[in-house]
Amino acid sequence: MMRDDVTVNAADVARLADVGRAAVSNWRKRFDDFPQPVGGTATSPAFSLGQVEQWLRRHGRYVEVPPLERIWQWLRTVGDDLRLGEAVGYTGAFLLYLRRDPSGWKKLSRLSDDQMLKQLPAAVSRTVTDLPGELSHELEIDPALIRAIAEVGTEQGFAETFEEICARYVDAHSRRLLVTPQKVARLMVRIAGTSGGTVMDPSCGIGTLLLASEATRAFGQDVNESAARLTAVRLLLHDTEAVIRSGDSLRADAFPGERVDAVVCNPPFNDRGWGYEELTSDPRWEYGLPPRGESELAWLQHCLAHVRPGGLVVIMMPGVAASRRSGRRVRGNLLRAGVLRAVMTLSAGAAPASSGAPDLWVLRRPDLDDQPTFDVLMVNAGEDLELAETAWHAYNDGAELPDASRTVRIIDLLDEEVALTPAHRVSGLSQSKPSAFIEARKHAMAALARLDIPTLTPSARRRELPMTSVGELARAGVVTVHQGPLKMATEEGSLPVLTAKDLMLDRSPSGYTEDEPGLVVIESGDVVAPLIPRGDPVIRVAKETGAALGPQLLLFRADPERLDPHFLAGCLRVTGEASTRLGSSARMDPRRAQLPRLPIDEQRIYGDVFRRLIAFEENVHEIRRISDSLVRLGLDGLLDGTLQPE
């Protein structure tokens with residue numbers, strides 16, 4: 001039976017009722033009988049799950065709560081929020097016990113609650129001796145919850161049940177748990193070739209990389225004991241032979257002398273307390289003592305110390321590690337030894353520990369039979385993770401490299417800086433093959449063909465157009481004006497967000513947020529403009545529906561039968577500067593913007609011309625960008641002998 005003190009937040013209620021969070025906020029405002037908060041904060045209130053279920057039933061909105069959802073909410077009441085990891089770890093250990101000793105649990109389950117709780121800790125501890133750390137016996141877990149976990153685990157599968165609980169745990173602690181995104185984890189293990197071999201992650205977190213590796217045997221270590229236990233449980237429940245330890249890998253290596261087929265690692269960045277003073281003479285620093293402020297180079301060499309000759313290390317590194325002066329000696333030694341094989345720049349967010357765009361470094365411990373290495377693969381992948389993997393396989397196979405990748409001679413990198421930043425070596429088009437110039441030329445010719453300049457003829461005499469303002473049109477109901485929120489978290493959630501940068505670059509929405517009351521959702525035909533114009537304001541007519549309006553943006557929603565959106569956009573572009581008011585900063589005052597008072601048919605004619613003029617401007621900008629690459633590729637190709645004049 002569910003305890004009375006189990007609580008849920010607004011997001012949980014929305015998930016239970018299969019609605020958006022905005023709907024829950026509306027219910028709280030519209031219905032006086034909606035349950036009052038029983039905890040939480042003013043911005044994140046907590047409600048009694050029992051009361052919420054009763055309310056949903058009364059209003060015909062009840063959706064049966066899955067048993068696993070009930071278990072998760074119940075688990076959250078075990079101790080305070082900081083001990084949730086212990087509760088999840090204990091749940092995992094219990095599920096592993098159920099799988100390994102079903103007959104033992106069958107006997108315990110027949111006992112009274114008090115007897116079962118008294119004997120269970122010893123039974124679990126005897127069965128799961130391969131888990132790191134000591135299981136906490138201080139958690140006050142309800143016997144009914146224990147029995148519910150056993151029932152759900154037996155019905156839905158022990159591994160599946162624990163994966164669901166871990167996913168909820170990560171969601172609840174997304175800012176504390178720096179989990180490698182799944183798609184990045186899959187890229188790292190595919191490059192490392194871990195499937196079917198032995199693998200190690202010395203900073204394993206909750207085991208994302210090791211679980212994705214599909215290795216036959218996995219070694220892992222993490223300084224957080226709860227995280228290490230979660231890793232061990234996840235791997236063991238998935239039938240992976242796993243040896244997981246807790247502790248500081250750099251100061252107290254749990255696997256001295258162990259060599260594996262591949263090491264994958266996403267270590268903590270910028271850790272100045274990594275142990276520089278006590279580890280100065282450590283034998284792992286084969287390629288040079290890592291500087292005090294370069295903890296990542298310590299992790300890199302730790303990983304190399306645990307890979308067999310010929311084995312690969314794939315490690316996430318902050319972008320600055322490729323060029324910091326303090327680390328140039330170690331980088332130079334890695335190059336001279338032929339150890340560093342590739343540097344691949346990913347997009348911001350690929351490493352939760354970094355706000356910038358991180359790099360993947362691929363290293364190979366030299367083997368006695370290795371041929372000398374003369375170059376390094378550089379890839380500017382960004383969000384295209386498939387490009388990174390394709391480039392790596394092409395590099396190894398001696399095949400033609402894809403765009404945005406090239407090989408760089410090691411001797412060219414061994415200058416005073418030893419800078420390894422791919423963006424400085426690789427543009428959006430590859431410089432590694434002559435066909436890059438041909439492709440760039442095709443892009444340039446296609447962009448030139450798209451140039452369309454509308455024909456405008458001089459008027460016999462200047463036409464005096466009657467004017468109106470957006471403010472007058474708004475009062476008449478012809479247009480409504482909306483402003484994005486002053487601040488918005490655009491990193492987490494399921495609702496896409498159009499940011500000011502997205503508007504400027506004319507790209508798809510790049511942000512994500514939670515669905516909250518008051519957000520403005522963009523519709524096709526809406527006109528979006530910057531709140532703070534810089535130079536000629538970038539004003540666009542939305543082509544798609546569904547994204548939220550981000551901060552520092554204005555939205556104009558016109559009645560299309562009375563006001564043409566492209567006509568409005570062109571007028572705002574012309575009068576944007578005149579409608580700017582000055583204060584602490586320049587801001588567009590949308591209601592002051594002027595536009596001619598014209599019939600809708602004539603508006604559409606003007607609107608089409610405005611649209612074509614703005615498209616011409618954007619095509620010219622694209623040609624300028626392409627021309628920069630075209631000229632550089634042509635000059636480079638002529639000088640390095642891969643191109644010749646016809």
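Scanning the range 331-345 for residues being among the hydrophobic types (A, V, I, L, M, F, W, C), crowded, with 23+ Cβ neighbours inside 10 Å and out of contact with any strand residue (DSSP E or B) (no Cβ under 6 Å at 6 or more places or on another chain) gives a total of 0. Residues that are surrounded by fewer than 16 Cβ atoms within 10 Å (Cβ to Cβ) and charged (D, E, K, R) within the range 164-196 comprise Asp171, Arg175, Arg176, Lys183, listed in sequence order.
For first residues located in the range 93-122 and of a type in the set (Ser, Thr, Tyr), partners that are part of a loop (DSSP other than H, G, I, E, B) and crowded, with 17+ Cβ neighbours inside 10 Å and lie 6+ apart or on another chain with Cβ distances below 8 Å form the pairs Tyr97/Val128.
Could you check, for the range 360-369, whether at least one of its residues is under 23 Å from Asp412 (Cα atoms) and surrounded by fewer than 19 Cβ atoms within 10 Å (Cβ to Cβ)? Within the range 360-369 (the criterion being under 23 Å from Asp412 (Cα atoms) and surrounded by fewer than 19 Cβ atoms within 10 Å (Cβ to Cβ)), the answer is yes, since at least one residue qualifies. Does Ala17 satisfy the condition of being of a type in the set (A, V, I, L, M, F, W, C) and at pLDDT below 80? Judged against the criteria, Ala17 is a match. Of the residues making up the range 530-548, those that are assigned to a strand (DSSP E or B) and within 17 Å of Gly570 (Cα to Cα) are Pro530, Arg540, Val541. Within the range 419-444, the residues that satisfy the criterion of being at pLDDT 90 or above and surrounded by fewer than 20 Cβ atoms within 10 Å (Cβ to Cβ) are Ala419, Thr421.
Residue by residue, here is whether (1) among the basic types (Lys, Arg); (2) under 25 Å from Asn26 (Cβ atoms); (3) surrounded by fewer than 18 Cβ atoms within 10 Å (Cβ to Cβ) holds:
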{"residue": "Arg475", "(1), (2), (3)": "yes, no, yes"}
{"residue": "Leu486", "(1), (2), (3)": "no, yes, yes"}
{"residue": "Gly493", "(1), (2), (3)": "no, yes, no"}
{"residue": "Leu503", "(1), (2), (3)": "no, no, no"}
{"residue": "Pro509", "(1), (2), (3)": "no, yes, no"}
{"residue": "Tyr512", "(1), (2), (3)": "no, yes, yes"}
{"residue": "Glu523", "(1), (2), (3)": "no, yes, yes"}
{"residue": "Ile532", "(1), (2), (3)": "no, no, yes"}
{"residue": "Ile539", "(1), (2), (3)": "no, no, no"}
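None of Pro496, Pro509 is in contact (Cβ under 8 Å) with a residue 24 or more places away in the chain and out of contact with any Phe, Trp or Tyr (no Cβ under 7 Å at 6 or more places or on another chain) except Pro509. In the range 15-27, the residues that are on the phi > 0 side of the Ramachandran plot reach residues that are at pLDDT below 80 and in a loop (DSSP other than H, G, I, E, B) with C-beta atoms within less than 6 angstrom, at least six apart or across chains, in these pairs: Asp18/Val63. The set of residues in the range 292-336 that are of a type outside the set (Asp, Glu), at pLDDT below 95 and assigned to a loop (DSSP other than H, G, I, E, B) comprises Arg292, Gly293, Pro318, Ser323, Arg324. Applying the criterion of being in contact with a strand residue (DSSP E or B) (Cβ under 6 Å, 6 or more places away or on another chain) and crowded, with 24+ Cβ neighbours inside 10 Å to the residues of the range 206-220, the residue that is farthest from Asp397 (Cα to Cα) is Gly220.
Those helices (runs of 4 or more DSSP H) of the range 56-126 in which at least 2 residues are over 26 Å from Tyr169 (Cα atoms), considering only elements entirely within it, cover 102-109.
If you take the residues of the range 508-529 that are assigned to a loop (DSSP other than H, G, I, E, B) and at pLDDT 90 or above, which of them is nearest to Glu383 (Cα to Cα)?
My answer is Ile522.
For the range 368-384, the tally of residues that are out of contact with any Ser or Thr (no Cβ under 9 Å at 6 or more places or on another chain) and not in a loop (DSSP other than H, G, I, E, B) stands at 0. Every test in (1) among the hydrophobic types (A, V, I, L, M, F, W, C); (2) without any contact (Cβ under 8 Å) to a residue 12 or more places away in the chain; (3) in contact with a Leu (Cβ under 8 Å, 6 or more places away or on another chain) is passed by Ala167 save one, and that test is (3).
Once the range 20-54 is narrowed to residues that are touching a Pro at 6+ places or on another chain (Cβ under 6 Å), modelled with pLDDT of 85 or more and part of a helix (DSSP H, G or I), the residue that is nearest to Arg168 (Cα to Cα) is Val52. Write out, first by first residue and then by second, each pair whose Cβ atoms fall under 6 Å of each other, whose residues are 6+ apart or on separate chains, and whose first residue, in the range 236-250, is modelled with pLDDT of 95 or more while the second is outside any strand (DSSP E or B) and of a type in the set (Ser, Thr, Tyr). Within 6 Å, the pairs are Ile244/Thr231. Residues that are among the aliphatic types (A, V, I, L, M), under 18 Å from Ile438 (Cβ atoms) and under 33 Å from the mean Cα position of the chain (by Cα) within the range 615-643 comprise Ile623, Ile626, Leu630, Leu633, listed in sequence order.
Listed by first and then second residue, the pairs with beta-carbon distance under 7 Å, at least 6 apart or on different chains, first residue in the range 283-294 and of a type in the set (D, E, K, R), second modelled with pLDDT of 95 or more and assigned to a loop (DSSP other than H, G, I, E, B), are Arg284/Ala305. Against the conditions (1) surrounded by fewer than 17 Cβ atoms within 10 Å (Cβ to Cβ); (2) over 30 Å from Asp130 (Cβ atoms), Phe47 satisfies every one except (1). Picking from residues in the range 471-497 that are out of contact with any Ser or Thr (no Cβ under 8 Å at 6 or more places or on another chain) and among the hydrophobic types (A, V, I, L, M, F, W, C), the one that is farthest from Glu544 (Cα to Cα) is Ala476.
The values are calculated or read from the model by the stated rules, or taken from the named source; none is laboratory data. None of these values were measured; they are calculated from a predicted model. FYI the Cβ positions are ideal-geometry reconstructions off the backbone, even for glycines, and counts take in every protein chain you see.
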